[in-house]
Amino acid sequence: MRMKASFLRRPPGPLDRSTARNAALLNQCATPGLGSLLAGRRLAGLGQLLLAVAGFVMVVAWFFLLALQMYEELVNDAPPKSVARLGELGGAIFLAAWVWSLVTSLSVLREARANDGPAVARS
């Protein structure tokens, strides 16, 4: 039996405003890439998600190394060495994923507005 993630499959037909809004909110406020996947942008969504996870892992690793370094300084009088580069790089990578998801979100919202445009004009 094969399991499929339902958020990877967008319903057939044009993208509506509700789905586009939810995708944009998910991209910008939760996790970059998930909203893009919801909107049917698989390649962009997976790229954004991978970048966001990589950046997050780097920031968590930086925090762990910083805590370990502070512990070593307190207990063993170890000389301080900077681990800031890892945190800065992780933050920059996560920011890049977020900006990429912002561009995708704006594109999704623009597409949904264009899809709803003719229906409003006919009323």
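Derived from the Cα gyration tensor, the three semi-axes of the equivalent ellipsoid of segment 40-96 are 33, 9, 5 Å, largest first.
For Asn22 and Glu72, compute 0.36 nm times the residue count separating them, minus their Cα-Cα distance, and round to one decimal in nm.
Values: separation 50, 0.36 × 50 = 18.00 nm, distance 4.58 nm.
Here the segment from Asn22 to Glu72 would lengthen by 13.4 nm.
Considering all different alpha carbon pairs of segment 17-117, the Kirkwood hydrodynamic radius works out to 14.9 Å.
Rule-based calculations on the coordinates, nothing more; no lab input. Just so we're clear, the structure is a prediction, and the values are computed from it rather than from any experiment.
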